[in-house]
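The structure under discussion appears below in the form of structure tokens.
The values are calculated or read from the model by the stated rules, or taken from the named source; none is laboratory data. These numbers come from a predicted model, not from an experiment. So basically every Cβ, Gly included, is an ideal-geometry build from the backbone, and we count neighbours across all protein chains shown. When the accessible area is computed, the model is the full protein with side chains, heavy atoms only, and any ligands, DNA or RNA have been set aside. Shrake-Rupley method; radii C 1.70, N 1.55, O 1.52, S 1.80 Å.
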Amino acid sequence: GTPQKYDPTFKGPIYDRGCTDIICCVLLVVAIVGYVVVGVVAWTHGDPRKVIHPTDSRGQFCGQQGTPNDRSPCPPPVQICVSKCPDRYMTYLTAYGNPAALEYYQNFCTSEFKSSQKAPLEVLRDKECPAMLIPSTPLARRCFPAIQAKKGVIMVGNETTYDDGRGRRRNVTELLEGAKKANVVLETRQLAMKIFEDYTVSWYWIIIGLVIAMVASLIFIVLLRFLAGIMVWVMIVMVILVLGYGIFHCYMEYAKLKGEAGSDVSLTDLGFQTDLRVYLHLRQTWLAFLIILCVLELVIVLLLIFLRKRILIAIALIKEASRAVGHVMSSLLFPLCTFFLLCLCIAYWASTAVFLSTSNEAVYKVFNESACPFSGQTCKPETFNTSNVTKLCPDAQCLFAFYGGETAYHKYLIVLQFFNVFMFFWLANFVIALGQVTLAGAFASYYWAFKKPDDMPAFPLFSAFGRALRYHTGSLAFGSLVLAVVQVIRVILEYLDHRLKAAENKFAKFLLSCLKCCFWCLEKFIKFLNRNAYIMIAIYGTNFCTSARNAFFLLMRNIIRVAVLDKVTDFLFFLGKLLIVGSVGILAFFFFTHRIKLVQDTAPPLNYYWVPILTVIVGSYLIAHGFFSVYGMCVDTLFLCFLEDLERNDGSAEKPYFMSQDLRKLLKKTNKGQPDA
């Protein structure tokens, strides 16, 4: 690309601009309207109770007030809604001759059961009552065998065997396999209750920990203005010292093995060994390590010699970014707006997905024990008893089978779910893009102010936000659409990879792995390109493609500076996050484990002390990431502005540099008529 030429009218972010990528803006509005329609349709047809509440064998919900089945758990073999789980062993054959027992047994029979009208075998044949009752406990609105272990013996209701209702005694261990998952759910529920208790007694201390993390993040960003240079050079020296120690250690190991039996065997003669420790007893291994580390040390030293000026420029830009953030302090709170909008996107996507997945209708099918031509066919419970099926197959029943549907809506549910996922990615990327272009516009206003901060607009952040929404919604929609397409393709590839795990086709697995790797790289590149394109949009008001092209060529013309700045800032952000999260995490650990004597009595008693500690650590990371994302956007914006400044201006009275005095000193450039003290 050709370098930017001097433009006497350019004084920073252009205010007189027009709308860009209008077609994409219209496309986004249409897609959002369609997304709302999908949500309304899903909420009309869907019923989340299908996920929460169990059903009986007829597909009717249990535990719902005002319905025919306002009772809750459902015991097998026929799913029946009951008011409470059985608490004793009993069979229908033994209860039949005992009025008191039969009255209790009726609680676990269907509403059609009439004890005086049918013989016991007919009742069991028609599945109006279960053949047996087992002591059970309610779990997630369902009845599960009350399995317990006493002195290593598995028991149910203090018994090791039970009558299966057909005159046979069975061991309760046969019930164990079916109840294993239920016990896991029960233990998980108890764990969740204890975790909830811990949150109720420690929530205010967690908030205090997060406030400390917020203050520490702010202090770190302020200190970067003064300590960025020291921190970078300390990091470089530490890397050189670590590599130097590695070289010394490899040489000592190489010298120590001299003369030892078997140490002079070559790697080619030894071949491949599964026990990697064998290689550590060879001199050739340590010689290879020594050579590799020496080459790395030499490369780093040479890079430092030839790139020292660019490292100094990166440090100066980082310091300048701290000043910019200091002049636009509202930018530190702006991620809260982005976070809130992202939460709305996630909530709408999740609720729509749940309603779509529960919008199937109850499907009933014919079940029978003897041969029947209608077996497995769909049926309607309301008209089943008057149909020909009951005449030809007297033992047939119309029972609930599953949730499904055969209408056009039900056939295209998978398409609607796919559209839901796609729109989530598109809107989430749009929200992130809006945040990036807003911050870029605010920080560009700082850089291109000749007299900082006097020439800055009164509210740079709000001005940039207004310009982004008014003029560049289409460009943001374009960039986020491209990224969303790639992300959806990655989701599809992950789904295919999951489905092919059990397959034996190695070529297909290899091809899929290559595609996943390629699209991962493509997503990273598009994110990088979009980020810089949004900066150019914020400054010049050009459309997405023009901005992306100009940003890409500008960066390619300064590729070494880009690489150095990227690695230096990555290190500083990593160091800052590690320092903040580690410090707050250690403080939380000592506090919640009662190891700080001054506040031993203040710390709350907990079931699991790791619950608030992990919450504080994760929350601290998110807070630090929010602060440093602002800082990172500031550095990237100032860097692009700096490169533009070098190409546009030459320091003359007509074309003065807008960069700070520190940067001009580093580059040995001056503005004529302005002394550089």
- Message: Any residue that is open to solvent by 60 Å² or more (accessible area, probe 1.4 Å), under 18 Å from TRP426 (Cβ atoms) and at pLDDT below 95 - is there at least one of those in the stretch 500-516?
- Response: no
Contact list, first residue from the stretch 586-597 and on the phi > 0 side of the Ramachandran plot, second anywhere and at pLDDT below 80 and polar (S, T, N, Q), beta-carbon distance below 7 Å, six or more apart or interchain, is HIS594/GLN600
Here is a check on your reading of the model: is THR338 of a type outside the set (Phe, Trp, Tyr), open to solvent by less than 50 Å² (accessible area, probe 1.4 Å), assigned to a helix (DSSP H, G or I) and in the same structural domain as LEU469 (by the TED database)?
yes
So, first residue touching a residue at least 24 places away in the same chain (Cβ under 8 Å) in the stretch 370-385, second residue of a type in the set (Gly, Ala, Ser) and open to solvent by 60 Å² or more (accessible area, probe 1.4 Å), Cβ within less than 9 Å, six or more apart or across chains; the pairs are none
Checking PHE374, PHE367, PHE384 in turn, the sole residue that is open to solvent by less than 40 Å² (accessible area, probe 1.4 Å) and aromatic (Phe, Trp, Tyr) turns out to be PHE384
Note: among LEU280, LEU302, just one is assigned to a helix (DSSP H, G or I), at pLDDT 80 or above and assigned by the TED database to the domain that holds PHE226, namely LEU302
Would you confirm, using the coordinates I've provided, whether ALA563 is among the small types (Gly, Ala, Ser), part of a helix (DSSP H, G or I) and either free of Cβ contacts under 8 Å to residues at least 12 places away in the same chain or not assigned by the TED database to the domain that holds ILE315 (or both)? yes
Here the residues within the stretch 628-657 that are hydrophobic (A, V, I, L, M, F, W, C) and under 20 Å from ARG310 (Cβ atoms) are CYS634, VAL635, LEU638, PHE639, LEU640, CYS641, PHE642, LEU643, LEU646
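Yes/no matrix, rows are residues, columns are (1) in a helix (DSSP H, G or I); (2) within 40 Å of the chain's Cα centre (by Cα); (3) over 24 Å from PRO13 (Cβ atoms):
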{"site": "ALA603", "(1), (2), (3)": "no, yes, yes"}
{"site": "ILE623", "(1), (2), (3)": "yes, yes, yes"}
{"site": "GLU654", "(1), (2), (3)": "no, no, no"}
{"site": "ASP662", "(1), (2), (3)": "yes, no, no"}
{"site": "LYS669", "(1), (2), (3)": "no, no, no"}
Across the stretch 536-551, the tally of residues that are part of a helix (DSSP H, G or I) and more than 14 Å from GLN4 (Cβ to Cβ) stands at 5
